[in-house]
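Undergrad: Below is a structure I'd like to ask you about.
The values are calculated or read from the model by the stated rules, or taken from the named source; none is laboratory data. Since we're looking at a predicted model, the values are computed, not measured. Glycine also receives a Cβ, built like all others from the backbone with ideal geometry; neighbour counts cover every protein chain displayed. Note: areas computed on protein heavy atoms with side chains; ligands, DNA, RNA excluded. Shrake-Rupley method; radii C 1.70, N 1.55, O 1.52, S 1.80 Å.
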Amino acid sequence: METVLSGIRPTGNLHLGNYFGAVQSFVKLQEEYKCFFFIADWHSLTTHPHPENIRKSVKTILSEYVGCGIDPEKATIYIQSDVREVAELYLYLNMNAYLGELERVTSFKDKVRSQPDNVNAGLLTYPSLMAADIIIHKANKVPVGKDQEQNMEMARKFARRFNMIYGVEYFPEPASFHMTEKAMKVPGLDGSGKMGKSEGNAIYLIDDEKTIKKKVMKAVTDGGPTQPDSIKPEPVANLFTMMEIVSTKDTYDYFNDKYNNCEIRYGDLKKQLAEDINAFCAPIRERILAISSDDAYLEKIARFGAEKATESAAKTLREVREIIGFRP
Ligand code: TRP
């Protein structure tokens with residue numbers, strides 16, 4: 001069975017865009033592949049977060065991913081810093097990673113520009129840590145967005161280079177797994193573009209009914225169609241796209257017909273949409289809240305994931321040490 005692996009950067013709470021863009025595919029992937037999903041807390045140290053923030057975001061990610069349906073029994077969900085073997089492999093990969101190639105990585109160059117006072121070695125060697133994350137489980141497929149393509153190329157290069165140097169066929173080259181083409185793009189409700197945290201237009205999975213309603217009622221619309229069957233302007237089209245995602249076909253058709261007859265009342269549409277978003281989110285939200293308030297369960301998940309991931313990583317490390325010339 002092929003192995004799929006993905007690293008999750010701590011970036012706050014999950015919103016509907018994250019859910020339909022990625023998390024939902026993870027939930028499906030765990031049925032077909034051997035899956036590793038880990039929280040990239042070592043990577044997050046490049047920005048020197050406060051210990052309390054680390055604890056909080058790790059807890060949030062665990063609760064939310066498991067609440068969304070990642071099953072700790074089916075997939076291995078773990079915290080990167082629980083698997084020390086990753087750090088050892090990172091050290092080995094760094095010995096064969098060159099300053100020039102690391103400096104040429106676009107995301108590194110962006111960081112040099114945006115935070116010139118904190119250009120640390122962790123930032124420079126981000127690609128070798130990411131490569132270690134991936135090849136330590138000999139992952140074949142890595143679901144990533146376009147922004148990670150260069151890091152993936154580096155991971156392939158480091159895997160190939162290790163094999164070359166030691167004359168072995170040990171690490172498989174991890175392929176990027178683009179789910180974005182298949183995944184649904186969730187629009188923002190502020191007139192244009194997609195839903196995102198930085199766009200400030202996100203509906204979070206843990207938003208309560210009132211918050212959802214408030215956000216949806218604020219959505220941008222227009223004066224309404226003046227001619228039958230007119231093309232919907234983007235803000236209105238976005239509301240319909242959202243409806244396509246969370247509402248039934250009947251509901252969608254009902255409002256679409258109203259729009260086409262110029263009888264649409266956006267207030268009614270928004271009320272329905274808020275209700276349907278809430279109906280969709282409510283069971284997920286309840287699971288997230290239940291899990292996040294159960295520290296014993298969270299600890300159990302983390303421990304179980306760490307055990308499974310460590311077993312896989314330790315096997316690789318024994319073999320790698322032997323290949324390098326160390327005692328296994
Ligand atoms: N770099 C990824 C991001 O920014 C997170 C990540 C770290 C990752 N290690 C990984 C993703 C390994 C896939 C595989 O989103």
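Undergrad: Return the percentage of antiparallel bridges among DSSP beta bridges fully within the chain, rounded to the nearest 5 %.
TA: Beta bridges within the chain, antiparallel portion: roughly 10 percent.
Undergrad: Taking 2.2 N^0.38 Å as the expected size of a compact globular protein, what ratio does the Cα radius of gyration of the chain give against it, to two decimals? Display every interim value, and only then the final one.
TA: Values: Rg = 22.6 Å, N = 328, 2.2 N^0.38 = 19.9 Å.
Relative to the rule-of-thumb radius for its length, the chain sits at 1.14.
Undergrad: Here's a follow-up. How large is the charge dipole for region 15-69, taken about the Cα centre, if only the Cβ atoms of Lys, Arg (+1) and Asp, Glu (-1) carry charge, to the nearest 20 debye?
TA: 80 debye
Undergrad: Kindly sort Thr251, Thr241 by accessible area of their heavy atoms, largest first, with the probe set to 1.4 Å. Display every interim value, and only then the final one.
TA: Numbers: Thr251 25, Thr241 45 Å².
If we order Thr251, Thr241 from most to least accessible, we get Thr241, Thr251.
Undergrad: For a quick check, take a GNM of the chain with Cα springs below 10 Å and name the residue from Pro228, Pro283, Pro72 with the largest mean-square fluctuation.
TA: In this elastic network of the chain, the residue with the biggest mean-square fluctuation among Pro228, Pro283, Pro72 is Pro228.
Undergrad: Please report, in whole Å, how far the alpha carbons of region 176-257 spread along each principal axis, starting with the longest.
TA: So the three principal-axis extents are 44, 33, 24 Å.
Undergrad: Carbon and sulfur: what percent of region 215-309's accessible surface (1.4 Å probe)?
TA: 50 percent
Undergrad: What number results when the radius of gyration of region 170-321, computed over Cα atoms, is divided by 2.2 N^0.38 Å?
TA: Details: Rg = 21.8 Å, N = 152, 2.2 N^0.38 = 14.8 Å.
Against the compact-globule rule of thumb, the ratio is 1.47.
Undergrad: Now for a different question. As I understand it, the dipole of the chain uses +1 on the Cβ of Lys and Arg and -1 on the Cβ of Asp and Glu, about the Cα centre. Which of Leu102, Ser176, Pro143 lies farthest toward its positive end?
TA: About the Cα centre, the residue reaching furthest to the positive side is Leu102.
Undergrad: Under a 10 Å cutoff between Cα atoms, tell me which one of Ile135, Ile264, Ile206 has the largest fluctuation in the Gaussian network model of the chain.
TA: For the chain, modelled as a Gaussian network with Cα springs under 10 Å, the answer is Ile264.
Undergrad: Using the heavy atoms of the protein chains alone and a 1.4 angstrom probe, what is the accessible area of the chain per residue in square angstrom?
TA: 51 Å²
Undergrad: To the nearest 500 deg cm²/dmol, what mean residue ellipticity at 222 nm is calculated for the chain from DSSP H runs of n ≥ 4 alone, each contributing -39,500 (n - 2.57), summed and divided by the residues? Don't skip to the end; give the middle numbers.
TA: Details: 14 runs with 179 residues, N = 328.
Calculated at 222 nm, the ellipticity per residue is -17000 deg cm²/dmol.
Undergrad: Could you work out what % of the accessible surface of region 11-59 is carbon and sulfur, using a 1.4 angstrom probe and leaving DNA, RNA and ligands out of the count?
TA: 54 percent
Undergrad: Give the ranking of Ser63, Ser292 by solvent-accessible surface, highest area first, calculated with a 1.4 Å probe.
TA: Ser292, Ser63
Undergrad: If one computes P(r) from the Cα atoms of region 1-146, what percent of pairs lie at distances over 19 Å?
TA: 56 percent
Undergrad: Please give the charge dipole size of region 176-328, origin at the Cα centre, charges +1 on K and R Cβ atoms and -1 on D and E Cβ atoms. Round to the nearest 20 debye.
TA: Computed about the Cα centre, the dipole is about 560 debye.
Undergrad: Could you state how much accessible area Glu234 has, in square angstrom rounded to the nearest 10, with a 1.4 Å probe and all protein chains kept in place?
TA: Surface accessible to solvent at Glu234 totals approximately 90 Å².
Undergrad: Another one. For the ranges 82-92, 158-168, what's the packing order if you count other beta-carbon atoms within 10 Å of each residue, average per peptide, and put the highest first?
TA: 82-92, 158-168
Undergrad: Among the lysines, which have Cα under 20 Å from the Cα of Lys141 when same-chain residues fewer than 8 positions away are ignored?
TA: Counting by Cα, and skipping residues close in sequence, Lys141 has these lysines nearby: Lys28, Lys34, Lys74, Lys157, Lys182, Lys308, Lys315.
Undergrad: Run the dipole for the chain about the Cα centre, Lys and Arg Cβ at +1, Asp and Glu Cβ at -1, nothing else charged, and hand back the magnitude in debye, nearest 20.
TA: Charge dipole, the chain, about its Cα centre: 560 debye, nearest 20.
Undergrad: In whole angstrom, how far apart do the alpha carbon centroids of region 14-39 and region 226-293 sit?
TA: 24 Å
Undergrad: Okay, moving on. Under 20 Å from the Cα of Lys232, which lysines turn up, not counting those fewer than eight places away in the same chain?
TA: Answer for Lys232, where 20 Å is the Cα cut-off: Lys185, Lys194, Lys218, Lys249, Lys258, Lys270, Lys271, listed by chain and number.
Undergrad: Next question, about the same structure. What number in nm² do you get for region 53-129 if you take the convex hull of its Cα atoms and divide its surface by four? Provide the component values of the computation, followed by the final result.
TA: On the way: hull surface 28.1 nm².
Projected area, direction-averaged: 7.0 nm².
Undergrad: Take the Cα atoms of region 124-260, find their three principal axes, and give me the spread along each one in whole Å, biggest first.
TA: Largest to smallest, the principal-axis extents are 70, 30, 24 Å.
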